[in-house]
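Peer 1: Sending over a structure as structure tokens; questions will come in a sec.
Just so you know, all these numbers are worked out from the coordinates, no wet-lab data involved. Nothing here was measured: the structure is a model prediction, and the numbers come from that model. No Cβ is skipped: glycine too gets one built from the backbone with ideal geometry, and neighbour counts run over all protein chains shown.
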Amino acid sequence: MKKIGIFSLQGSVTEHLVSMKKAVESTGLNASVDAVASRKQLAESDALVFPGGESTTIGRLIRMYGLDGVIKNFVAENKPVMGTCAGMVLLASKVEDNRFILGCMDLEVERNAFGRQRESFEKDLSIKGFKGNYPAVFIRAPAIKSSWGRCEVLAKVDGLGVMAKQDNIIVLSFHPELVSDTRVQCFFLDLLD
Ligand code: GLN
């Protein structure tokens, strides 16, 4: 049985647990989905989701609990990782200030690129490889300012990247845990061998 961990220091953990369980059921995959936070739980997971929330807070907690090493090892082992919104910020290599980020992907993000909370929006998004548009929900969303190396941008809004993939990592500016469409979760589950 595969173990999918939802990183649970802060953010939309419950929503990811519910939507990922639904996606696992729909694919018939033999996998468990649990909230994970300790070094042991992280190391024992086969795939990991970094939820949206507040990247400043999550980054501080990662450092406070000394979890950055285990997360970087996880990525180095090429295990599937999905980062949504704040999760995208944390996995990036560059952000506008010198805040702590994990530096796991060849991309630069801009936080809150589409404005503040009240400028949150929904958009029917065209995603490379997806049949038909995807109902994407953006809440204080970051955008991809630039990407290089092996990072491929899969969707854009107003010319700005909002979804990307690099090896077994996918990142999204939007919130797949808030919609009933589970195609993004299924795309992620496909990365598990
Ligand atoms: N703007 C937030 C941050 O930088 C992310 C918002 C979200 O995850 N919904 O952490």
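Peer 1: Is the C-alpha gyration tensor of the stretch 63-140 telling us rounded, prolate or oblate? Criteria: a/c under 1.5 is rounded; beyond that, a/b larger than b/c is prolate, otherwise oblate. If you can, show how the numbers build up before the last one.
Peer 2: On the way: a/c = 2.47, a/b = 1.42, b/c = 1.73.
Oblate.
Peer 1: Another question, if that's okay. Hey, what number do you get for the chain at 222 nm if only DSSP H runs of n ≥ 4 count, each worth -39500 (n - 2.57), divided across all residues, to the nearest 500? List each step's numbers first, then the result.
Peer 2: Numbers: 6 runs with 53 residues, N = 193.
Value at 222 nm, helices only: -7500 deg cm²/dmol.
Peer 1: Taking only Cα atoms and a 10 Å spring cutoff, compute GNM fluctuations for the chain and point out the largest among Gly66, Gly103, Gly53.
Peer 2: Gly66
Peer 1: Moving to a separate point now. Can you quote the Å³ per residue value for the convex hull of the Cα atoms in the stretch 1-64, rounded to an integer? It would help to have the intermediate numbers written out before the result.
Peer 2: Values: hull volume 4.2 nm³, N = 64.
Expressed per residue, the convex hull around the Cα atoms of the stretch 1-64 is 66 Å³.
Peer 1: Same structure again: Highest first, please rank the peptides 141-154, 106-119 by the mean number of other Cβ atoms sitting within 10 Å of their residues. Walk me through the numbers before you get to the answer.
Peer 2: Working: 141-154: 17.9, 106-119: 15.9.
Output ranking for 141-154, 106-119: 141-154, 106-119.
Peer 1: Pull up all non-local amide H partners of Ala35: gap of 5 or more, or a different chain, and H-to-H distance under 5 Å with H placed in the peptide plane.
Peer 2: Ile6
Peer 1: What is the distance in Å between the Cα centroid of the stretch 8-55 and that of the stretch 59-111?
Peer 2: 16 Å
Peer 1: Number of Lys-Lys pairs in the chain under 17 Å by Cα, sequence gap 8 or more or different chains?
Peer 2: 23
Peer 1: Under DSSP H, which helices of the chain have Cα atoms covering 18 Å or more of the helix axis and a Kyte-Doolittle average no less than -0.5? Intermediate results must be reported in sequence, preceding the final value.
Peer 2: Details: long enough: 13-27 (21 Å, -0.06).
Helix filter hits for the chain: 13-27.
Peer 1: With a ≥ b ≥ c the root eigenvalues of the C-alpha gyration tensor of the stretch 45-92, is it rounded (a/c under 1.5), prolate (a/b larger than b/c) or oblate?
Peer 2: Values: a/c = 2.19, a/b = 1.25, b/c = 1.76.
Oblate, because a/c is 1.5 or more while a/b does not exceed b/c.
Peer 1: Here is a follow-up. Could you calculate the FRET efficiency of Thr27 with Asn73 from 1/(1 + (r/R0)^6), where r is the beta carbon distance between them and R0 is 22 Å, rounded to 0.05?
Peer 2: Numbers: r = 27 Å, r/R0 = 1.23.
Efficiency, from the Cβ-Cβ distance: 0.25.
Peer 1: Compute the distance from the alpha-carbon center of the stretch 160-183 to that of the stretch 128-148, in whole Å.
Peer 2: If you average the Cα positions of each part, the centres end up 6 Å apart.
Peer 1: Oh, and also: With a ≥ b ≥ c the root eigenvalues of the C-alpha gyration tensor of the chain, is it rounded (a/c under 1.5), prolate (a/b larger than b/c) or oblate?
Peer 2: Numbers: a/c = 1.43, a/b = 1.08, b/c = 1.32.
Rounded.
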